[in-house]
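In what follows, a structure is listed as structure tokens, so that the remarks can point back to it.
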Amino acid sequence: MGFFKKLFGGNDAGNTKIASALTGKIVSIENVPDQVFSQKMMGDGIAIEPTEGKVVSPINATVETIFPTKHAIGLKGEDGLELLIHVGLDTVNLKGEGFTAHVQSGDKVKAGDVLVEFDLEFIRANAPSTITPIIVTNHDQFTLSAVPAEGTSVVAGETELFKATHK
């Protein structure tokens, strides 16, 4: 972001709005039943209990990583924001079964583009949880705000999950 845009930009200068990557209900990150996420070891963020098996990009970004097992996607936003979307808990053990990737590492995506589709019933039956953390992995560089309350219903690509502002 240029100096003049920072100085004279609109009221959202320096803010990145993160849209929901899934349709479902909000789970606070502290209540994710996996300490790696609940204790923010990977970063800060929010989680969603999905009601449909589709993950869309929450921001305009480059796909930095898509795990071979397709259960996790790393994105890097235009402003340097790094997001990890981890579908379900312990889903790495499914070895990609039940997941269909629509992107690969290096792809440029727009907010709302489909990244991965997954068989929600298969994951419910074969993994400990479908709860999907959305983590800002470089949270030391960003402040998160406007986080919705636990239990709030969100729609993929439409509902704003939070704002990330450069520190």
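Quick rundown of the values:
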{"read-out": "Selected residue (criterion: nearest to residue 46 (Cα to Cα)) from residues of segment 71-85 that are open to solvent by 40 Å² or more (accessible area, probe 1.4 Å) and within 14 Å of the chain's Cα centre (by Cα)", "value": "82"}
{"read-out": "Close pairs (8 angstrom Cβ cut-off, 6 or more residues apart or separate chains): more than 15 Å from residue 150 (Cβ to Cβ) in segment 29-47, polar (S, T, N, Q) and part of a strand (DSSP E or B) anywhere", "value": "34/129"}
{"read-out": "Number of the condition not met by residue 133 [criteria: (1) within 19 Å of residue 26 (Cβ to Cβ); (2) in contact with a strand residue (DSSP E or B) (Cβ under 9 Å, 6 or more places away or on another chain); (3) surrounded by fewer than 17 Cβ atoms within 10 Å (Cβ to Cβ)]", "value": "(3)"}
{"read-out": "Count - residues of segment 109-127 that are outside any loop (DSSP other than H, G, I, E, B), open to solvent by 60 Å² or more (accessible area, probe 1.4 Å) and under 12 Å from residue 52 (Cα atoms)", "value": "3"}
{"read-out": "Residue list for segment 27-60, filter: touching a helix residue (DSSP H, G or I) at 6+ places or on another chain (Cβ under 8 Å), in a strand (DSSP E or B) and within 20 Å of residue 81 (Cα to Cα)", "value": "44, 45, 46, 47"}
{"read-out": "Odd one out for residue 80 among (1) over 22 Å from residue 28 (Cβ atoms); (2) touching a strand residue (DSSP E or B) at 6+ places or on another chain (Cβ under 6 Å)", "value": "(2)"}
{"read-out": "Which listed residue, of 106, 96, 88, is at positive phi and buried (at least 20 other Cβ atoms within 10 Å of the Cβ)", "value": "88"}
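The values are calculated or read from the model by the stated rules, or taken from the named source; none is laboratory data. Since we're looking at a predicted model, the values are computed, not measured. A quick note on method: Cβ atoms are made from the backbone with ideal geometry, for glycine too, and the neighbour counts reach across all protein chains shown. Ligands, DNA and RNA are excluded from the accessible area calculation, which covers all protein heavy atoms including side chains. Shrake-Rupley method; radii C 1.70, N 1.55, O 1.52, S 1.80 Å.
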